[in-house]
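Have a look at the structure below, then the notes.
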Amino acid sequence: MTTGDPRRKALVVGASGLVGGNLLERLARDQAWDVVTLSRRAPSEHEGVSHLAVDLLDAEQCRRAAPALADVTHIFFCARSVEPNYVIKLDSNRLIVENLLDALLPVAKRLRHVQIIHGMKWYGSNLGPYRTPAKESHPRLPGPNFYYEQLDALIKRQEGQAWTWSTLRPHFICGVSVGSPSNPLSTLGAYAAILKELGRPLDFPGEQGAFEAALNITDVRLLTEAMEWAATEPRCANEAFNIVNGDTFRWRDVWSMLADHFGMQAGGVKPMKLRAFMADKEPVWASIVRKHGLRSGRMDDIADWAFADVMFVGAWEQTASVVKAHRYGFNGMVDTEEMLIDILTQYRALRLLP
Ligand SMILES: NC(=O)c1ccc[n+]([C@@H]2O[C@H](COP(=O)([O-])OP(=O)(O)OC[C@H]3O[C@@H](n4cnc5c(N)ncnc54)[C@H](OP(=O)(O)O)[C@@H]3O)[C@@H](O)[C@H]2O)c1
């Protein structure tokens, strides 16, 4: 921030989640930012950070919260409305953006930027093979997409205004979070722990094609760095950016390394629907929790098996170009193999996973 700029105040929406919680960690320790958070559950506590418990699906609750948020300068929208079994509905995800903006925009006179976190579902990564590496300039797909609805709702409200927007597109976000189970690495770690407890090797639960497909994923620490950059770099105004680690990997190539980390033998490709397989494994998880003195109570707090079934089903390349972000000045990169072990080690140190 240049001298003389008014102080920045961030509203982190979805601060109890994986992305929002990690952004909160970043901004709360940065003197350049004041921070206020919003979600239904409280996020981790930080000195000087206040929290508003608001259900974004309730327009009246949003209106009641708005006066307390009138001085925010940057909105980081990291909320996502997910129903049981990883069902993500279009209408509710459009509404959470519309309700917040319609309540806040009339009062937020210092607003400079609104950022929404999206992902590779923008390109249909969850639907089947698509054009890769995905570029921000690729045309939208036909058919419904909750990200399109959210961005259109945002752009409609921004036209003619002084504030700007940005949107970032990460893929399979890796990072530590508590109580936010749609998380690739906590889910993988819980999967490994359960197979180990059952005396089985670390089998790959997807198809052979998914084991071998080229993938890009995103370290949440890289993502939060990019979030701050895109929200404050004037050249990023009204632009979208892919944010992935910058290298490509295949589960096939890291599976033995992961098995070593978990103290297991690497198994073979044994496709299974984890949602069905895990349906009766809560007692197994309870025994793991006791044995290792873990802090994670229920298996549902750490692993989302419907999400895992989506993560391991994709037998197609899922890669994205990061050229645009680099051209605009963001040069962060992460070595995916190092990141996998680093984050799983953090989970172990925090006694969230064995
Ligand atoms: N996880 C991934 O691997 C991944 C990959 C690519 C893209 N993304 C995208 O990244 C964004 C953030 O995802 P995430 O993984 O951080 O999600 P998450 O961990 O599930 O967190 C979602 C956040 O939204 C809040 N929320 C949900 N419904 C709400 C409501 N009605 N009112 C208020 N707050 C509500 C939740 O808080 P409460 O429940 O406390 O209200 C939580 O803080 C999403 O757009 C997602 O699609 C995620």
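The values are calculated or read from the model by the stated rules, or taken from the named source; none is laboratory data. This structure is a prediction, so every number in the text was calculated from the model and none was measured. Glycine gets a Cβ as well: all are built from the backbone with ideal geometry, and neighbour counts include every protein chain shown.
Side notes on the structure shown:
- Residue check: PRO67 meets all listed conditions (1) more than 15 Å from VAL114 (Cβ to Cβ); (2) within 8 Å of the ligand (Cβ to nearest atom); (3) modelled with pLDDT of 95 or more but one, namely (2).
- Subset tally (residues that are among the charged types (D, E, K, R), in contact with a helix residue (DSSP H, G or I) (Cβ under 6 Å, 6 or more places away or on another chain) and surrounded by 15 or more Cβ atoms within 10 Å (Cβ to Cβ)) for the range 274-303: 2
- For ALA68, the criteria (1) within 30 Å of ILE302 (Cβ to Cβ); (2) surrounded by fewer than 24 Cβ atoms within 10 Å (Cβ to Cβ) hold in every case but one, which is (1).
- The range 7-23, residues that are near the ligand (Cβ under 7 Å from one of its atoms) and polar (S, T, N, Q): SER16
- Filtering the range 177-194 to residues that are of a type in the set (Gly, Ala, Ser) and either surrounded by fewer than 20 Cβ atoms within 10 Å (Cβ to Cβ) or more than 17 Å from CYS78 (Cα to Cα) (or both) leaves GLY179, SER186, GLY189, ALA190, ALA192, ALA193.
- Filtering the range 222-280 to residues that are among the β-branched types (Val, Ile, Thr), assigned to a loop (DSSP other than H, G, I, E, B) and farther than 30 Å from ILE75 by Cα leaves only THR248.
- ARG275 vs. criteria closer than 14 Å to ALA193 by Cβ, charged (D, E, K, R) and assigned by TED's automatic domain parsing to the domain that holds ALA259: no
- Considering residues of the range 85-121 that are under 22 Å from LEU215 (Cα atoms) and in contact (Cβ under 8 Å) with a residue 60 or more places away in the chain only, the residue surrounded by the most Cβ atoms within 10 Å (Cβ to Cβ): ILE117
- Put simply, of GLU197, GLU239, GLU225, GLU207 the only residue that is of a type outside the set (A, V, I, L, M, F, W, C), within 20 Å of VAL12 (Cβ to Cβ) and surrounded by fewer than 20 Cβ atoms within 10 Å (Cβ to Cβ) is GLU225.
- Contacts under 6 angstrom Cβ, first residue in the range 24-43 being assigned by TED's automatic domain parsing to the domain that holds GLU225 and within 14 Å of the ligand (Cβ to nearest atom), partner of a type in the set (Gly, Ala, Ser) and assigned to a helix (DSSP H, G or I), 6 or more apart: PRO43/GLY21
- Condition met for GLU60 (acidic (Asp, Glu) and more than 23 Å from PRO170 (Cα to Cα)): yes
Every residue, every condition in (1) outside any loop (DSSP other than H, G, I, E, B); (2) within 14 Å of the ligand (Cβ to nearest atom); (3) not polar (S, T, N, Q), yes or no:
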| site | (1), (2), (3) |
| --- | --- |
| LEU95 | yes, yes, yes |
| VAL107 | no, no, yes |
| ILE116 | yes, yes, yes |
| ARG131 | no, no, yes |
| HIS138 | no, no, yes |
| GLY143 | no, no, yes |
| TYR148 | yes, yes, yes |
| LEU151 | yes, yes, yes |
| ARG157 | yes, no, yes |
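- On inspection, GLY199 passes the criterion of being away from the ligand (no atom under 11 Å from the Cβ), over 21 Å from the mean Cα position of the chain (by Cα) and on the phi > 0 side of the Ramachandran plot.
- The condition of being assigned by TED's automatic domain parsing to the domain that holds MET339 and closer than 28 Å to GLU136 by Cα does not hold for PHE262.
- The range 155-184 residues that are closer than 26 Å to CYS236 by Cβ and modelled with pLDDT of 95 or more, paired with ones that are among the polar types (S, T, N, Q) and surrounded by fewer than 21 Cβ atoms within 10 Å (Cβ to Cβ) (beta carbon under 6 Å, 6 or more apart): THR164/ASN238; TRP165/GLN158; TRP165/ASN238
- Condition met for ASP55 (in contact with a helix residue (DSSP H, G or I) (Cβ under 9 Å, 6 or more places away or on another chain) and either within 12 Å of the ligand (Cβ to nearest atom) or closer than 30 Å to LEU274 by Cα (or both)): yes
- Single residue of the range 167-176 satisfying the filter (part of a loop (DSSP other than H, G, I, E, B) and near the ligand (Cβ under 6 Å from one of its atoms)) that is surrounded by the fewest Cβ atoms within 10 Å (Cβ to Cβ): PHE172
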